[in-house]
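Data first, discussion second: the structure below is written as structure tokens.
The values are calculated or read from the model by the stated rules, or taken from the named source; none is laboratory data. Computed from a prediction, not measured in an experiment: that's the story for all the values here. Heads up, the Cβs are rebuilt from the backbone with ideal geometry, glycines too, and the neighbour counts pull from every protein chain shown. Just so you know, the surface numbers come from the protein's heavy atoms only, side chains and all, with ligands and any DNA or RNA stripped out. Shrake-Rupley method; radii C 1.70, N 1.55, O 1.52, S 1.80 Å.
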Amino acid sequence: MKSAANHNHGDRAAVLSRVRRMVDRGGPRDEILLSVCRLLSDEIEHYDWVGFYLVDASGRRLHLGPYVGAPTRHTEIPFGQGVCGLAAEKKQALMVPDVSRVANYLSCSPKVRSEFVVPVFAGGKMAAELDIDSHTLGAFGEGDKEFLEAVAGTVAELF
Ligand code: SME
């Protein structure tokens, strides 16, 4: 069950341990990634859409992978486009407190107010991105950055 208490550090550590166990248990990669999406969406109040975009063979496009939340028409995103494509181009995390201020924003739902994208690096290359949308303006902070980079670092072992 979601609760505001999940903003605190201890609960984040518990969620991260559960991600660790999901990865260690093994199985098909997409099933594990979907379980991670469900876990984050269920446990963290302000995570309203949680999904992975996978870098395709060209190394210049993102393909929508497992996700939880409203269906999106952005199933393929070229590097450089939108928040996800920009993060891919720069190969760095991108925190957007107010999506209405992003010029080439690719809207998934009018309800989304802020977004945070974290790259997943494997073998020195960016293999995927973890994308989180929130219906709350300015929903993300330093705690999310640290937490989501740890989640990305853990699922990176699957690539
Ligand atoms: N908003 C993203 C597109 C992905 S959807 O949010 C799921 C972007 O601008 O890249």
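Starting from the Cα gyration tensor of the chain, take the square roots of the eigenvalues, sort them a ≥ b ≥ c, and report rounded, prolate or oblate (rounded when a/c is under 1.5, otherwise prolate if a/b is larger than b/c, else oblate). Could the numbers behind the result be given before it?
Working: a/c = 1.60, a/b = 1.08, b/c = 1.48.
Judged from the Cα gyration tensor, the chain comes out oblate (a/c at least 1.5, b/c at or above a/b).
Calculate the FRET efficiency for GLU89 and HIS135 from the Cβ-Cβ distance with a Förster distance of 22 Å, rounded to the nearest 0.05.
On the way: r = 26 Å, r/R0 = 1.20.
It comes to 0.25.
Computed in the context of the full set of protein chains, the accessible area of the chain at 1.4 Å probe radius has 51% of its extent on carbon or sulfur. By the helix-only formula, in which each DSSP H run with n ≥ 4 contributes -39500 (n - 2.57) and the sum is divided by residues, the chain has a 222 nm mean residue ellipticity of -11000 deg cm²/dmol.
If you take the beta carbon distance between SER17 and SER100 as r and set R0 to 30 Å, what does 1/(1 + (r/R0)^6) give as a FRET efficiency, to the nearest 0.05? With a Förster radius of 30 Å, E is 0.25.
Enter the accessible area per residue of the chain (Å², integer; probe 1.4 Å; all protein chains in place). Write out the running numbers ahead of the final one.
Working: 7730 Å² over 159 residues.
That works out to 49 Å² for each residue.
Hey, if you drop one equal point scatterer on each alpha-carbon of the stretch 26-112 and run the Debye formula without solvent, what base-10 log of I(q)/I(0) do you get at q = 0.24, 0.25, 0.26 Å⁻¹? Evaluating at q = 0.24, 0.25, 0.26 Å⁻¹ gives log10 I(q)/I(0) of -1.39, -1.44, -1.46.
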